[in-house]
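Quick notes on the structure that follows.
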Ligand code: NAD
């Protein structure tokens, strides 16, 4: 049977690259090729930019209210097509249908709804200066590039497109080459909703296509989600033409559990923060610091729940709550980290191996893994694994755990569990992290700004803050009197 070939999406329609050069996309749950995708070659790239310029001329001239109405239609279409889109995300990522059907499309649509609602509220101000005055306008930047990671492909495309388009910009989006389909479906939906041609183009390919976007002199901004190492390259490339950047990068976040915490809730958080989306979430709380008093009870129940409640298998099976890792290479990387954990002296108390579930024997699964007796210097504790590997560490007191939690070059997220309200805020205020939770973990509503401290990123996504990152201020001074001049 011949495979379906997907093309690039340019100017409101699919466009052939003319050469038929494609790459393969693998279903992580089966190891089989799902479909092929045409690579964005020079013709496609040129067409993408020419189209984006035309799109900008139309879109940026519309009133914000008009843009808002069109984007709201896209939101309705996304919700109507939730199940079809969620199934695409499962096919591409290997994550459970149980998650994708209630999270991925929903949170993508929410972001577009949120920014569509805010679009008409974008305003400048005016200030008298004697008899003269000046006023400001918040104007769009122009063509923005979006470059996505593979863990939440459609959601990432929505989170980037939403503020960009709401503010009157256009976007050329490059999804991860491992998960290229969701962004194409989003582009189709935008077109159906009435978004003008060229406002959201999708170019396909690997890092080389990404690098081209970051160097292009007609692109005003790059919003990037991916690894820290790639982020530094993207930022360096963007600097050559002084592009604005938003960087959503990796993390190695602390989850701190004090003796007085509700232990069941804390265990729920630790499991969510390590095993949801089989551990492939940037904000994961992979360094679980447990105060010594609660530690024996915590570990016993944590291991019990991990052994009894995880259902690994075909991600489309409704009972599955733990899916496949994105690729064989990534599975190997995660297994190598597990070996390092063992050889560096951590104690394996759950998982630690690949899984071959009966209904998906060829998928790239790794069992939910828990290490105890971890120390701060171990590679599993220091480095982002991006898989289901939890490191449990113990601590005595607050000052100690704060210092250890912050002892990393990353600063994406942090969580604290305690019943002591003042301690909760005191500790969180000292966390060097951009996304923090108290007695919760992982929730990220569109209203809440997200982004990293330190090497975990620059700028924010979501939240009204983000409007500033997709507009630039023009200040206009207006003379009301005769101009004084020495000449
Ligand atoms: P990656 O850095 O390998 O790739 C991300 C994207 O960048 C892909 O589309 C890739 O093709 C592209 N790319 C690669 N080289 C490039 C270059 N030189 N120039 C421009 N683009 C280039 O990351 P990944 O493996 O796809 O994703 C996993 C990483 O993403 C993890 O580190 C994770 O923490 C991070 N992540 C962060 C967030 C966040 O919001 N902070 C969200 C999701 C994922």
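Rule-based calculations on the coordinates, nothing more; no lab input. The model shown is predicted, which means the values in this text are computed figures rather than measured ones. Because the Cβ atoms are built from the backbone with ideal geometry, glycine has one as well, and the counts that use them run over all protein chains shown.
For the reader, a short list of remarks on this structure follows.
- When the inverse distances between all different Cα atoms of region 21-89 are averaged and flipped, the Kirkwood radius reads 15.6 angstrom.
- Across region 299-450, the mean sequence separation of Cα contacts (distance under 8 Å, 6 or more residues apart), normalised by length, yields a relative contact order of 15 percent.
- Radius of gyration, Dmax [region 232-309; alpha carbons; angstrom]: 17.8, 55
- Scaled against the 2.2 N^0.38 Å expected of a compact globular protein of N residues, the Cα radius of gyration of region 53-141 reads 1.57.
- Ranked by how many other Cβ atoms sit within 10 Å of their own Cβ, fewest first, the residues 158, 312 fall in the order 312, 158.
- Nearest 10 degrees, 0 to 90: helix 421-430 Cα axis against the chain principal axis: 60
- Ordered by the number of other Cβ atoms lying within 10 Å of each residue's own Cβ, fewest first, 468, 61, 185 fall into the sequence 61, 468, 185.
- Principal axis extents of the C-alpha atoms in region 187-250 (largest first, rounded to whole Å): 37, 25, 19.
- Between helix 104-118 and the chain there is an angle of about 40 degrees, using the helix long axis and the longest principal axis of the Cα atoms.
- Quotient of the Cα radius of gyration of region 253-391 and 2.2 N^0.38 Å, N being its number of residues: 1.00.
- According to the calculation over all Cα-Cα pairs in the chain, the P(r) per 20 Å bin from zero is 24, 53, 21, 3, 0 %.
- Two numbers describe the Cα atoms of region 232-277: Rg and Dmax, which are 18.3, 52 Å.
- Going from the fewest other Cβ atoms within 10 Å to the most, the residues 67, 297 appear in the order 297, 67.
- Normalised contact order of region 1-105, rounded percent, pairs of Cα under 8 Å and 6 or more residues apart: 24
- Think of it as helices only: each DSSP H run of n ≥ 4 in the chain is worth -39500 (n - 2.57), and spread over all residues that comes to -11500 deg cm²/dmol at 222 nm.
- Over all distinct Cα-Cα pairs of region 84-134, the Kirkwood formula returns a hydrodynamic radius of 14.1 Å.
- P(r) weight above 18 Å for region 347-487, C-alpha pairs, percent: 71
- Rounded to 10°, Cα long-axis angle of helix 295-309 versus longest principal axis of the chain: 80
- Shape analysis of region 88-208 places it in the prolate category; the axes a ≥ b ≥ c from the Cα gyration tensor give an a/c of at least 1.5, with a/b above b/c.
- Across region 173-237, Cα pairs under 8 Å and at least six residues apart give a relative contact order of 32 percent.
- Calculated log₁₀ intensity ratio I(q)/I(0) where the Debye formula runs over C-alpha points of region 447-487, q = 0.29 Å⁻¹: -0.99
- Across region 1-130 the C-alpha pair distances fall into 5 Å bins from zero in the proportions 2, 9, 12, 13, 15, 17, 14, 8, 4, 2, 1, 1, 1, 0, 0, 0 percent.
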